[in-house]
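One structure is given below, encoded as structure tokens.
The values are calculated or read from the model by the stated rules, or taken from the named source; none is laboratory data. This one's a predicted model, so the numbers in the text were calculated from it and none came from an experiment. Using ideal geometry, Cβ is built from the backbone for each residue, glycine included, and neighbour counts are taken over all protein chains shown.
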Amino acid sequence: MGSLNGIKTRHVCFYKAAKVRPCELFASPQTAILARLTQTYKTYAALFILLAPIVCQVKKVQMISTAYPPWEAQLREQRFDAAHALAQTKAAATSPLRATKLRTSPACIATLHTPSYRTSQGNKQHTVSSVAFSRDGTMLVSGTADDEEPPGGFLELWDLASRDCVYVQNMRNKAITRVATSSDGCTIASIHDSIFCKKIQLWDFRCQDCPAAGMCAGPRYTCLCFSPNGATLASGHYDLSLGKGVIRIWNVAGEAKMVPEMQGELVEGTGFVSAVAFSRDGERLASGSTAKTVRVWDLRTNKCTACIESDSVVWSVVWSLDNVHVLFGCQDGMIRVCNIAKGVVRVLKGHSPRGQTYKETICNEVISPGVHSLVLTPNGKHAVSGASDNTIKIWDWHSGACMATLEDSEGVACVAVSPDGLMLASGTADKLIRLWRVAD
């Protein structure tokens with residue numbers, strides 16, 4: 001044991017490490033000073049080498065034991081949950097569709113009661129105007145509109161595992177006439193309609209309280225849909241100054257989600273735009289109107305490439321998976337299958353043109369009976385239609401055969417199929433959402 005510059009050492013000779021011989025330590029003042037500095041430098045270097053692992057371990061323990069402030073911990077948890085949810089939706093988007101076999105007798109497995117509020121006249125009755133599944137199929141979004149003036153409604157988010165409403169937004173004097181979910185599972189779009197407020201609202205699906213992400217203010221919108229990649233939103237409305245229906249294309253990707261950017265306008269004919277649908281490749285858009293027409297638009301040029309005449313008002317539109325056919329539901333209770341190049345090739349008959357008339361104010365008109373909702377199953381083989389005759393029908397649209405008929409209590413305003421094709425959701429005029437098991 002020795003001492004060097006006040007630091008005890010054990011069998012360490014630092015001046016030897018500096019290659020300075022003891023006889024040279026005091027050869028001259030300059031040499032002595034230089035040797036002392038060299039010894040000091042080598043001493044601290046050796047101590048650093050010896051103590052560095054211990055210091056790192058101590059720092060690591062301190063970092064592990066340090067607690068984040070409550071607000072920062074909550075923020076980190078939200079970011080983690082959002083990243084985890086996004087990873088799940090991406091995995092679901094890239095996974096193959098589950099092979100399903102259609103049930104011969106689909107059964108109702110649950111009934112969800114949407115909220116209502118009391119007024120001086122009693123409980124206000126709501127029509128479930130629109131429903132949409134989340135991308136992973138675990139949640140259901142619904143919008144309601146009441147049947148009295150001034151209008152009102154709710155936006156609800158349902159957990160399908162527990163059948164509980166996990167989020168509800170009372171829109172008070174605004175009716176929710178349409179809802180849609182993006183393919184990336186991150187955004188909800190809803191149409192708000194009232195005397196003083198007419199807009200499209202975007203909501204963040206990943207946050208617990210679904211805060212509003214942005215909005216497209218403007219005229220009285222009647223329909224909307226997301227593109228397959230979720231980056232574009234199409235909306236339809238009636239322009240009173242033009243006396244024509246107008247379709248607007250919005251960019252809602254990335255930062256534009258906070259303030260959506262309008263990319264273009266497509267001017268329809270007379271009558272308001274009742275339905276819009278993107279093709280599966282996202283390059284074309286189909287629109288239906290009360291002028292008894294279905295138009296196909298090329299979104300690269302914003303030009304109308306086809307106009308299909310219908311014998312009745314068009315309420316709903318959907319594309320086939322091969323982008324060759326367009327199916328549209330009409331006021332006369334019929335569903336027409338149209339080949340873009342050849343025209344109408346098949347008519348699906350089964351719904352009655354008469355039935356329960358539910359009220360939903362659009363452009364100061366009351367919705368009349370007909371096929372108001374039309375969707376395809378994920379495998380593209382079957383079409384599901386909901387109509388005001390209190391029925392839901394499942395079709396083999398290639399042959400025109402009706403595979404199943406589901407009886408509901410009131411006029412069916414909307415239908416949606418889960419991403420795996422196993423479940424069907426329907427909304428009616430008596431503020432009920434029913435879940436049906438349609439496949440195995």
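Observations on the structure shown:
- Listed by position, the strands (runs of 3 or more DSSP E) enclosed by segment 235-297 include none that has at least 1 residues that are farther than 21 Å from ILE308 by Cβ, at pLDDT below 90 and touching a His at 6+ places or on another chain (Cβ under 7 Å).
- For segment 217-233, filtered to residues that are under 13 Å from the mean Cα position of the chain (by Cα) and in a strand (DSSP E or B), the residue that is surrounded by the most Cβ atoms within 10 Å (Cβ to Cβ) is LEU233.
- Subset tally (residues that are of a type in the set (A, V, I, L, M), crowded, with 17+ Cβ neighbours inside 10 Å and in contact with a Cys (Cβ under 8 Å, 6 or more places away or on another chain)) for segment 234-282: 6
- Condition met for SER320 (more than 20 Å from the chain's Cα centre (by Cα), surrounded by 14 or more Cβ atoms within 10 Å (Cβ to Cβ) and within 27 Å of SER241 (Cβ to Cβ)): no
- Put simply, of THR187, THR177 the only residue that is modelled with pLDDT of 75 or more, touching a Lys or Arg at 6+ places or on another chain (Cβ under 7 Å) and within 26 Å of LEU374 (Cβ to Cβ) is THR187.
- Members of segment 155-205 found to be more than 27 Å from MET262 (Cα to Cα) and hydroxyl-bearing (Ser, Thr, Tyr), listed by number: SER162, TYR167
- Some residue of segment 370-390 being of a type outside the set (Phe, Trp, Tyr), modelled with pLDDT under 90, part of a loop (DSSP other than H, G, I, E, B) and farther than 22 Å from THR177 by Cβ: no
- Unmet requirement for ALA213, which otherwise passes all of (1) in contact with a helix residue (DSSP H, G or I) (Cβ under 6 Å, 6 or more places away or on another chain); (2) at pLDDT 85 or above: (2)
- Taking segment 287-309 as the range and being buried (at least 24 other Cβ atoms within 10 Å of the Cβ) and out of contact with any Asp or Glu (no Cβ under 9 Å at 6 or more places or on another chain) as the test, the residues that pass are GLY288, TRP297.
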